[in-house]
Amino acid sequence: MRLRPALRVLRRTGSEVQIGTDARWAVRVTGLGPGEADLLRLLDDDPELDSLVDRARAFGVPAVRATELLDALQAAHLTCRTPRSTRPAVRTTAGADAAVWSLLSDDGDGAAVVRARADRTVGVVGLGQLGLTIAVTLAAAGVGTVLLDDDGRVTSVDVGTAGYRLGDVGSRRVLVAARVLRDVAPDVRTESATGTVPDVVVLVERDVANPATGLALVTAGLTHLSVVVREADALVGPLVVPGAGPCLRCVDLHRGDVDDCWPTIVAQLAGRATGVGILRGEVGVLAGVCGALAAAEVLAHLDGGSPATRGASYEVTLPDVAPRRRPWAVHPSCGCTSLTSHPPT
């Protein structure tokens, strides 16, 4: 038995220690006698609990009292039964994920949550700064296969914190992106066997979500997350699980209910090529915030959680880049629930 990974043990007074810093699980252990606070402080460097009773003698703490302290830690759900020596290995970059999930999961086995991601496949379509941020974040978090799709080439406005460098300008985005992912996670797969069905497809588009693409994914039963970069803001969501909530066409129909010209606007923006000589980049802070937010939503879905973008989208605007959640409902005129085939399992 051991203290859950990542928990800090901090002295408050001579007779009180605090375990954890997150308000969701941090506790104060009060009324400690001589040597007891020092004994518990040992856990900050060595979280193993099995030998704590034996070590108590050196601090003048009776074995019965040390056992009581252990029982109190266990009652507060601050311990787990996954010895460090037997925990499954995880991708190095996902070690922090495993440690944090040990606090969030009931059994304290955060490594199991992260290891399950190794069998998952996510496709990322659109590899500007934002798309590359999503792909790199997923690879670093332990997703085993990240499929990359983009026909473009790296331009000067793609260069930034996501991973593109000036020396990459002119190279195919998909090839450079694959190299960036391997630099972060050498064992990540960026190609898969023919017929592999992604667990999630992330669509990073410019100006508006292409209705034809969304319809194709719904009819194929593929879960997908829409990300749209606009003039000075971006939309993350909805995450569409075909047959189980609103789709992108539902969103367009709702917009059309309040703006008769919306279909005309969509027709002009969908698939529109950038004007000659115009390079449209993505503001770095917006790409960073939205990329991380989109990756978090994908991971929530893969981990069996409840993504906030199921039936909703985040609107992230410059300059404050504070996400604002906007809910969506299935539109009565869409019929998307009758168009779906059975989603892949």
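The values are calculated or read from the model by the stated rules, or taken from the named source; none is laboratory data. Just so we're clear, the structure is a prediction, and the values are computed from it rather than from any experiment. Note that we place each Cβ from the backbone using ideal geometry, even for glycine, and neighbour counts take in every protein chain shown.
Within 40 Å of the chain's Cα centre (by Cα) and not hydrophobic (A, V, I, L, M, F, W, C): does that describe D38?
It is true that D38 is within 40 Å of the chain's Cα centre (by Cα) and not hydrophobic (A, V, I, L, M, F, W, C).
How about the range 221-337: which strands (runs of 3 or more DSSP E) wholly inside it have at least 1 residues that are more than 22 Å from G123 (Cβ to Cβ)?
Where strands (runs of 3 or more DSSP E) fall fully within the range 221-337 and carry at least 1 residues being more than 22 Å from G123 (Cβ to Cβ), they are 233-240, 312-317, 324-327.
Specify which of the listed residues (A76, A23) is more than 30 Å from V188 (Cβ to Cβ) and either surrounded by fewer than 14 Cβ atoms within 10 Å (Cβ to Cβ) or over 34 Å from the mean Cα position of the chain (by Cα) (or both).
Answer to the check: A23.
Which members of the range 284-327 meet the condition of being within 11 Å of the chain's Cα centre (by Cα) and on the phi > 0 side of the Ramachandran plot?
none
Within the range 123-135, is even one residue of a type in the set (A, V, I, L, M, F, W, C), more than 16 Å from G288 (Cα to Cα) and not in a loop (DSSP other than H, G, I, E, B)?
yes
Could you figure out which of (1) in a loop (DSSP other than H, G, I, E, B); (2) surrounded by fewer than 21 Cβ atoms within 10 Å (Cβ to Cβ) isn't true of A162?
Of (1) in a loop (DSSP other than H, G, I, E, B); (2) surrounded by fewer than 21 Cβ atoms within 10 Å (Cβ to Cβ), only one is false for A162: (2).
Could you grab the pairs with beta carbons closer than 9 Å, sequence gap of 6+ or different chains, first residue in the range 66-82 and under 16 Å from T30 (Cβ atoms), second one polar (S, T, N, Q) and not in a helix (DSSP H, G or I)?
Within 9 Å, the pairs are L73/T79.
Please find, within the range 118-136, the residue that is modelled with the lowest pLDDT out of those that are closer than 12 Å to L299 by Cα and surrounded by fewer than 22 Cβ atoms within 10 Å (Cβ to Cβ).
If we take residues in the range 118-136 being closer than 12 Å to L299 by Cα and surrounded by fewer than 22 Cβ atoms within 10 Å (Cβ to Cβ), then A118 is modelled with the lowest pLDDT.
Hey, any hits in the range 258-265 for a residue that's at pLDDT 95 or above, within 22 Å of L217 (Cα to Cα) and surrounded by fewer than 21 Cβ atoms within 10 Å (Cβ to Cβ)?
Taking every residue of the range 258-265 in turn, none turns out to be at pLDDT 95 or above, within 22 Å of L217 (Cα to Cα) and surrounded by fewer than 21 Cβ atoms within 10 Å (Cβ to Cβ).
Report, by residue number, each residue of the range 145-175 that is touching a residue at least 24 places away in the same chain (Cβ under 8 Å), over 30 Å from V114 (Cβ atoms) and among the small types (G, A, S).
G152, S156
So, in the range 234-257, of the ones that are of a type in the set (V, I, T) and more than 15 Å from H331 (Cβ to Cβ), which residue ends up surrounded by the most Cβ atoms within 10 Å (Cβ to Cβ)?
V236
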